[in-house]
1. So if I take the centroid of the Cα atoms in the range 219-264 and the same for the range 94-127, what is the distance between those two points in Å?
2. Determine, from the Cβ-Cβ distance of Cys203 and Asp435 and an R0 of 51 Å, the FRET efficiency 1/(1 + (r/R0)^6), rounded to the nearest 0.05.
3. How much length, in nm to one decimal, is gained on full extension between Thr454 and Val399, taken as 0.36 nm per residue of separation minus their Cα-Cα distance?
4. Using a simple spin-label model with points 7 Å from Cα along the Cα→Cβ vector, what separation in nm is obtained for Ser230 and Ala249?
5. With a sphere of radius 14 Å drawn around the Cβ of Cys414, what net charge do the other residues whose Cβ falls strictly inside it have (Lys, Arg +1; Asp, Glu -1)?
6. Taking a label point 7 Å from the Cα of Lys109 along the Cα→Cβ vector, which residues of the range 162-194 have an amide N closer than 16 Å to it?
7. Given H placed on each backbone N at 1.01 Å, which residues far from His461 in sequence or on other chains put an amide H within less than 5 Å of it?
8. What list of ³J(HN,Hα) values in whole Hz, one per residue of the range 130-146 in order, does the Karplus curve 6.51 cos²θ - 1.76 cosθ + 1.60 (θ = phi - 60°) give from phi, with Gly and Pro shown as x?
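The values are calculated or read from the model by the stated rules, or taken from the named source; none is laboratory data. Values in this document were obtained by computation on a predicted structure and should not be read as measured data. Positions of Cβ are generated from backbone atoms using ideal geometry, with glycine treated the same way; all protein chains shown enter the neighbour counts. Areas reflect the complete protein model, heavy atoms only, side chains present, ligands, DNA and RNA absent. Shrake-Rupley method; radii C 1.70, N 1.55, O 1.52, S 1.80 Å.
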Amino acid sequence: TGQDAKLAATSVTKIKVISMESDSFTFELSSLMSVRSPIFIDDRWVTASNDIINGMIVGDNLHNNAQSQTNTILMKNNRIFVCGAKNVGKSTFVRYLINRILSSKHHDKVALLDCDAGQPELSPPGMLSLTVVANPLLCPPHVHMICGNDGNVEEEESKDVPVYAAAKEHHRAFYYGSTTSKTNPNLYIDIVKNLTMSYDELCQNINKDIPIIINTDGWVKGLGYEILSSIIDIVNPGHIVQLLGSTKAKFFDISSHATTKRKIHVVFAQSGTLSPAIEMGAISRETSSASLQLLSQEENKSDSVSLTSMTKESNLPIQASSLRALRLSVYFLQGYNSFLRTGATFQQSGIIDDDCNIASQLAKMRPYAVSFDALSCIVLIDEDGQNKRITANSNSDDVNTVYDLINGNVVGLCSDIDDSLLYPCIGLGIVRSIDHERKIFYVLTPHCVEILQTKVTTMVHAQLQIPLQMVFRGHNSEAFPFQSCHGVTVGIGSEVMKSKGLPSRR
């Protein structure tokens, strides 16, 4: 009847998160007719996850009874390396696997080593981090990422981290300053190596092997493959999950990293289904090479791949630049709730903010006033293909050049920088303006003053840029989130806006 249909359309389903003890940790799903894309988990995702979790349980049981030499070998079963090209579902699989491990009740914590500098799961872009997760990841990254000391709510509303926040803080994080490992491969690999050492120290300190999942970026060809191989050698995982897409560009052979103590699980992207003619058979360490040869041959056949309804235009992958803009906007607004209160929305084309409310809200925020003498400044620039570092303090000869480069730009708030040239980072900030007469930086950041006073000694700027949605685009000058005390002759922003690769107008 019409009344029954009305009730069905408005009904919701309440689901309890079984990995949490409190009954209050629930969320609601709308009826299927109002869901943009139905939740679908491929059978091979389930099989790979079951195999990994069962391997952890068996390994931990043997770990308690075996000799120390065997323990070192079995410990690698708790290290899961997830790799694949862009838009194949790596982040989705990472969230799914974390939730499966936490729901298994065998482990109450999971470590996430996030090596994706462009679209990290728990941090803003430009950072590589190691985070210990105790709560399931039930939301997109921009909702549960770590946004300073207040999580995803403003201080006056609550001092507590909301139930959908993954963690209060990173165990350790470094500022990389770019969205791709291509910018500085050596620095990128050194950071991953340091984070892996931090994970080893963490397990030693608590005398317990926490499962760790390594999330990677989508660069799997050429130099990207060499970087990927280097990370595998550093982390030495017991499991490698290789996600393959439905096009030839998203296939790569990783079978050279197979060993007798390492298992490679080959799964496919959620966005498509492959021809029944391609049989995977049993998952083994030879699967990757064999599947690559079969799928490459089938790629040339027009009927080898049949896409599901989820690959319609309305569900095509959103541009990475749009997702980065959303993450940075949410981060500097101090959480997703604050982003929603601006009235801005996020759609397939990116952030929709016709009234420039995001920039206006940033302009209203009170910045921190920091003396020149309190911080050193470092700028990382690319000069003739070589990465150059310019360091300046209040007495340096390069001080004016460095100050002009960081003015109106995103910086990493770092501490304890040593000869290793790595940049331990507590978060990001925006140098809103610089007062040369009073020798003061004005810095916007979601972090509290206690953290800044005790941990931050250096501001580092590289290639990370402020999204267009966070700067002035309206007719009201007060919507401008930063300004120069010397007028427009100073290089505000100092970066050339990059094209999104859209088709040019004729």
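1. 19 Å
2. Working: r = 47 Å, r/R0 = 0.92.
Once the sixth-power term is evaluated, E becomes 0.65.
3. Numbers: separation 55, 0.36 × 55 = 19.80 nm, distance 2.39 nm.
Taking 0.36 nm per residue and subtracting the Cα distance, the gain is 17.4 nm.
4. It works out to 2.5 nm between the two label points.
5. Numbers: positive: Arg172, Arg389, Lys455; negative: Asp416, Asp418.
Charge balance in the 14 Å sphere: +1.
6. Output list for this probe position: 166-173.
7. Amide H neighbours of His461: Ile378, Val379, Leu380, Gly412.
8. Here the 3J(HN,Hα) series is 10, 10, 9, 9, 10, 10, x, 8, 9, 10, x, x, 5, 8, 9, 6, 7 Hz.
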